[in-house]
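Readers should treat all values here as calculations from the given coordinates under stated rules, not as data from a laboratory. These figures come from a predicted structure and were not determined experimentally. Glycine also receives a Cβ, built like all others from the backbone with ideal geometry; neighbour counts cover every protein chain displayed.
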Amino acid sequence: MRFTKMEGLGNDYIYLNCLESVPEDLPALAVRLSRRHFGVGADGLICIRPGRTGDFTMEMYNADGSRGAMCGNGIRCVGKYVYDKGFTQKTRLTIDTDAGPRMLELHLLEGAVDQVTVDMGRVEVSGPVQAEAAGELFQIVPADAGNPHGIIFCPDPEKIDLERLGPLLESHPALGERRNIEFVSCPQRGRLDIRVWERGSGITLACGTGACAAFAAAVTENRCGNRAEARLPGGTLTLELREGRVLMTGPARTVFEGELPL
């Protein structure tokens, strides 16, 4: 089985070409390959399949084998994968996901994809809810950017014990469903500082949908303007609100390729 390891801001996934054939039991395969000390190591597995209505389909699994509807960093790498490998010559693509189709614009550097802009669509932001965890009370803003998030604004995300609080807040009854959790500060109107706890993967260096959810929540609460840089441990995304839709631009990189027995 051939695979490609790719990353966007350190949010890394194992990519499989499933355009003609698909391995059995993808959830179990995701668990086995994602283990960092005993497998390839990744935040999950992404299969590239024929498009349902668009050019290609992204099917993703988290490191624990659970199905993910959408991944902002992962979908940028899908665009790089299909272009760099010659599956398309188009620089504007529609990628089908479990959260619906997403439009990609590929930005080339020396003939290969360097950056990708994703039209993430409309991010739904709900009113804040309160949740108690580890003896602390948090105000959480629910937001949906293709998958569910909980945004917590705070003075300094670096001071948050994310490893302790993340799993407690991820499945908190006040949120109604299992969510990714983002701790966010807005030191300037054009900047967000974000740390992420991803459901199914734990602490990650970045989350594209999480950055979009945090941005939309910050705009809703008038904490930032319609364009901002989202700074995450793995790097920076450029976010823009245009006609109610969030556009996300960031890098996509191939780490290495390899082959494993099924």
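Quick notes
- Ranking of Phe215, Phe183, Phe138 by neighbouring Cβ atoms within 10 Å, starting from the fewest: Phe138, Phe183, Phe215.
- Here's the picture: charge each Lys and Arg Cβ at +1 and each Asp and Glu Cβ at -1 in the chain, and of Ser201, Val113, Gly51 the one pushed furthest to the positive end of that dipole is Val113.
- If R0 equals 51 Å, the separation of the Cβ atoms of Ser171 and Phe87 corresponds to a calculated FRET efficiency of about 0.85.
- Each of the peptides 59-65, 107-113 was scored by the mean count of other Cβ atoms within 10 Å over its residues; in descending order, highest first, they stand as 59-65, 107-113.
- The helix-based estimate of mean residue ellipticity at 222 nm for the chain, built from -39,500 (n - 2.57) per DSSP H run of four or more residues and divided by its residue count, is -5000 deg cm²/dmol to the nearest 500.
- In this structure, the amide hydrogen of Cys224, modeled 1.01 Å from its nitrogen in the peptide plane, lies closer than 5 angstrom to those of Val219, counting only residues at least 5 positions away or on a different chain.
- As a ratio to 2.2 N^0.38 Å, the alpha-carbon radius of gyration computed for region 90-236 takes the value 1.07.
- Each Cα pair under 8 Å and six or more residues apart adds its separation to the average, and for region 29-75 the resulting relative contact order is 32 percent.
- Amide H contacts under 5 Å for Thr91, placed H, 5+ residues apart: none
- Using alpha carbons only, the radius of gyration of the chain set against its Kirkwood radius gives Rg/Rh = 0.96.
- Relative contact order of the chain: 21 percent, from C-alpha pairs under 8 Å at least 6 residues apart in sequence.
- Among the cysteines of the chain, those with no neighbouring cysteine Cβ under 4.7 Å are Cys71, Cys77, Cys154, Cys186, Cys207, Cys212, Cys224.
- Residues of region 59-83 with an amide N closer than 20 Å to a point placed 7 Å from the Cα of Glu105 along the Cα-to-Cβ direction: 72-83.
- Once you divide the Cα radius of gyration of region 2-100 by 2.2 N^0.38 Å, the number left is 0.99.
- Sorted by Cβ neighbour density within 10 Å, fewest at the top, the residues Arg76, Arg245: Arg245, Arg76
- Shape call, region 167-262: gyration tensor on alpha carbons, a/c limit 1.5: oblate
- Look at Phe87, Phe56, Phe38 and count the other Cβ atoms within 10 Å of each Cβ; fewest to most, that gives Phe38, Phe87, Phe56.
- Backbone phi angles across region 252-262, fed through the Karplus curve with coefficients 6.51, -1.76 and 1.60 (θ = phi - 60°), yield HN-Hα couplings of 9, 9, 8, 8, 6, 10, x, 9, 9, x, 6 Hz in residue order; Gly and Pro are listed as x.
- Lys-Lys pairs in the chain that are eight or more residues apart or on separate chains and whose Cα atoms lie under 30 Å of each other come to 4.
- Whole-Å distance, taken between Cα centres, linking region 160-198 and region 226-262: 18
- Sequence-separation-based contact order of region 152-262, relative, with Cα cut under 8 Å and 6+ spacing, percent: 20
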